[in-house]
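Structure first, commentary second.
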Amino acid sequence: QLQLVESGGGLVQPGGSLRLSCAASGRPLDFYAIGWFRQAPGKQREGVACISSEGVSTKYADSVKGRFTVSRDSDRTTVYLQMNSLKPEDTAVYYCAAVGTVTGHVVTEEYRYTYWGQGTQVTISS
């Protein structure tokens with residue numbers, strides 16, 4: 001079974017940056033589409049960004065467009081979420097998720113993701 005581990009969360013000032021990582025313990029992520037989701041206290045989990053299995057296609061939530069970038073290592077072992085110009089409303093637990101899918105397609109529907117990491121806390125505060 002695929003096991004995902006997120007890292008890179010922490011506390012940062014508004015306007016600052018963080019880079020989250022998602023790595024698979026069980027196998028490389030070559031044939032998995034990856035999604036980043038976040039959940040703030042008292043709120044529904046929401047999609048942030050997603051990337052296709054080969055890293056060609058990406059998609060972002062309107063709230064993070066122009067600020068966040070999702071990418072994959074060339075060896076396909078790690079997926080990143082670069083977060084710039086962070087705002088207090090970005091505060092949440094961030095989750096990495098994976099699903100086997102067709103090459104070239106992003107997966108935007110949360111229900112389709114079958115593997116989830118434990119989450120990493122991101123806090124933006126003055």
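One chain, two ends: Leu11 and Ser125. Fully extended at 0.36 nm per residue, the span grows by 40.3 nm beyond their Cα-Cα distance. Fully extending the segment from Tyr111 to Arg19 would add 30.6 nm, taking 0.36 nm per residue of separation and subtracting the current Cα-Cα distance.
If the chain linking Asn84 and Gln3 were pulled fully straight, counting 0.36 nm for each residue of separation and taking away their Cα-Cα distance, it would gain 26.5 nm. On a per residue basis, the stretch 58-126 carries 50 Å² of accessible surface, using protein heavy atoms and a 1.4 Å probe.
Relative to the compact-globule estimate of 2.2 N^0.38 Å, the Cα radius of gyration of the stretch 50-126 comes out at 1.14. Positive-end ranking of Ala23, Ser125, Tyr60 along the dipole of the chain, with charges on Cβ about the Cα centre, is headed by Ser125.
Among 29-41, 4-16, what's the highest-first ranking by average C-beta atoms within 10 angstrom per residue?
Working: 29-41: 20.8, 4-16: 15.2.
By packing density, highest mean first, the sequence is 29-41, 4-16.
The values are calculated or read from the model by the stated rules, or taken from the named source; none is laboratory data. The model shown is predicted, which means the values in this text are computed figures rather than measured ones. Quick reminder, even Gly has a Cβ in these numbers, built from the backbone with ideal geometry, and neighbours come from all protein chains shown. These area figures cover heavy atoms from the full protein model, side chains too; ligands, DNA and RNA do not enter into them. Shrake-Rupley method; radii C 1.70, N 1.55, O 1.52, S 1.80 Å.
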